[in-house]
Amino acid sequence: MLHTRLVTGAILIALLAGLLWLDARWQDLPVQAWPGGALPGGVLLGSVAMLLLVPALTIELTRLLRASGVSAWPIGAALPVALAAFASVTFASWNLPVAARGAAIVTTLGLLPAIVALTRADGAKALAEVGRWLLVAGWIGALPACWIALRAEAPWWALAGAVLVVKVNDMGAYFTGMALGTHRMVPWISPKKTWEGFLGGAACSVASGTWLGEQMGVGGMRGAAFGLIASLLGPIGDLSESILKRQAGAKDSGATVPGMGGAMDVLDSLLLTAPAAWWLLGVRGVA
């Protein structure tokens, strides 16, 4: 299993590097119809995410919810909302305000079932519908789009570095926990996670975040702040998905990534950290 994970991890890194390289080649290509007359960063990444990533996350979330005994939207209803939420953030970051507003309207239409439930004085159903909308529009729609928004404001290597800061936390926590871990964090969710591993992962994230902030020119303090936030939100994202999988009686969210499970298994720690990356590291004009 470890060998498969390592091979798959190397392939994923190579694919991301290739996409980032191509995305950088696309950036600033002259397109008269685009505002400013040239493509911004993130167009290729955003397009791939809309075609592959968001649909995969939608399918996996829907399956996990149903396996947990939770009533979930049909994929045909959930996918347009997830895609529209993703598009509303990315279009805004690409300076396409009309398209962004249109996508935001489509996203908001996903609240119609909640409104209908309210008109029928069914408060429980209204809350359930709002919860479903938040999972679809927020968790698997808007959150991953923040990474594309970061790419629109920062060079490709900054995005790669930010992803590395998050994943370094995972690796630091794993190896520190294996070597020193004795105090379990939340054994009922994830028996192998320890407080020692958490601290080791946090130290790795803060150190790598500090270095990234200095390289980007935003300052080591902002980079360290991102590393600290990533060390908190990353594990929360991981544990949130673990709760969902435990309720569903599933080991993984899917089987699309050999040795790692599904798209959600790979991205769980990256989803919640995306807004922090955009907020702290997104700087237009850094090259």
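The values are calculated or read from the model by the stated rules, or taken from the named source; none is laboratory data. These numbers come from a predicted model, not from an experiment. Please note: Cβ atoms are built from the backbone with ideal geometry, for glycine as well, and neighbour counts cover all protein chains shown.
The table below lists the values:
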item: Of the criteria (1) more than 22 Å from Met185 (Cβ to Cβ); (2) touching a helix residue (DSSP H, G or I) at 6+ places or on another chain (Cβ under 6 Å); (3) surrounded by fewer than 24 Cβ atoms within 10 Å (Cβ to Cβ), which one Asp238 fails; result: (1)
item: Those residues of segment 65-107 which are among the charged types (D, E, K, R) and modelled with pLDDT of 95 or more, in sequence order; result: Arg101
item: Residues satisfying the stated conditions in segment 112-135, i.e. closer than 16 Å to Phe86 by Cα and free of Cβ contacts under 8 Å to residues at least 24 places away in the same chain; result: Leu134
item: Matching residues in segment 196-220 - criterion: being closer than 16 Å to Ala277 by Cα and among the acidic types (Asp, Glu); result: Glu214
item: Out of Gly223, Gly213, sole residue that is within 13 Å of Leu281 (Cβ to Cβ), at pLDDT 90 or above and either in contact with a Lys or Arg (Cβ under 6 Å, 6 or more places away or on another chain) or of a type in the set (Lys, Arg) (or both); result: Gly213
item: Residue in segment 167-186 that is surrounded by the fewest Cβ atoms within 10 Å (Cβ to Cβ), counting only those that are of a type in the set (A, V, I, L, M) and out of contact with any strand residue (DSSP E or B) (no Cβ under 7 Å at 6 or more places or on another chain); result: Ala179
item: Conditions (1) in contact with a Leu (Cβ under 6 Å, 6 or more places away or on another chain); (2) closer than 20 Å to Ile59 by Cα; (3) among the small types (Gly, Ala, Ser); (4) free of Cβ contacts under 8 Å to residues at least 60 places away in the same chain; number of the one not met by Ala248; result: (4)
item: Segment 147-191: number of residues that are over 20 Å from Leu267 (Cβ atoms), part of a loop (DSSP other than H, G, I, E, B) and either of a type in the set (Phe, Trp, Tyr) or touching a residue at least 12 places away in the same chain (Cβ under 8 Å) (or both); result: 7
item: Within segment 8-39, considering residues that are charged (D, E, K, R) and either under 27 Å from Met260 (Cα atoms) or assigned to a loop (DSSP other than H, G, I, E, B) (or both), the one modelled with the lowest pLDDT; result: Asp28
item: Count of residues meeting criterion [part of a loop (DSSP other than H, G, I, E, B) and either more than 27 Å from Gln27 (Cα to Cα) or modelled with pLDDT of 90 or more (or both)] in segment 250-287; result: 11
item: Matching residues, segment 18-58, being within 15 Å of Thr90 (Cβ to Cβ) and either touching a strand residue (DSSP E or B) at 6+ places or on another chain (Cβ under 7 Å) or β-branched (Val, Ile, Thr) (or both); result: Val43, Val48, Val54
item: Filtered residue count, segment 36-71, keeping only those that are surrounded by fewer than 19 Cβ atoms within 10 Å (Cβ to Cβ) and over 14 Å from Gly141 (Cβ atoms); result: 15
item: Residues located in segment 206-234, provided they are part of a helix (DSSP H, G or I), of a type outside the set (A, V, I, L, M, F, W, C) and without any contact (Cβ under 8 Å) to a residue 24 or more places away in the chain; result: Thr210, Glu214, Gly220
item: Any chance Thr8 is under 22 Å from the mean Cα position of the chain (by Cα), free of Cβ contacts under 8 Å to residues at least 40 places away in the same chain and surrounded by 15 or more Cβ atoms within 10 Å (Cβ to Cβ); result: no
item: Positions within segment 129-157 being among the small types (Gly, Ala, Ser), touching a helix residue (DSSP H, G or I) at 6+ places or on another chain (Cβ under 6 Å) and more than 26 Å from Ile13 (Cα to Cα), in sequence order; result: Ala137
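This table checks each residue for (1) farther than 21 Å from Gly46 by Cα; (2) touching an Asp or Glu at 6+ places or on another chain (Cβ under 9 Å); (3) among the hydroxyl-bearing types (Ser, Thr, Tyr).
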{"site": "Ala87", "(1), (2), (3)": "no, no, no"}
{"site": "Pro113", "(1), (2), (3)": "yes, yes, no"}
{"site": "Ala121", "(1), (2), (3)": "yes, no, no"}
{"site": "Ala124", "(1), (2), (3)": "yes, no, no"}
{"site": "Ala160", "(1), (2), (3)": "no, no, no"}
{"site": "Asp170", "(1), (2), (3)": "yes, yes, no"}
{"site": "Tyr174", "(1), (2), (3)": "yes, no, yes"}
{"site": "Thr194", "(1), (2), (3)": "yes, no, yes"}
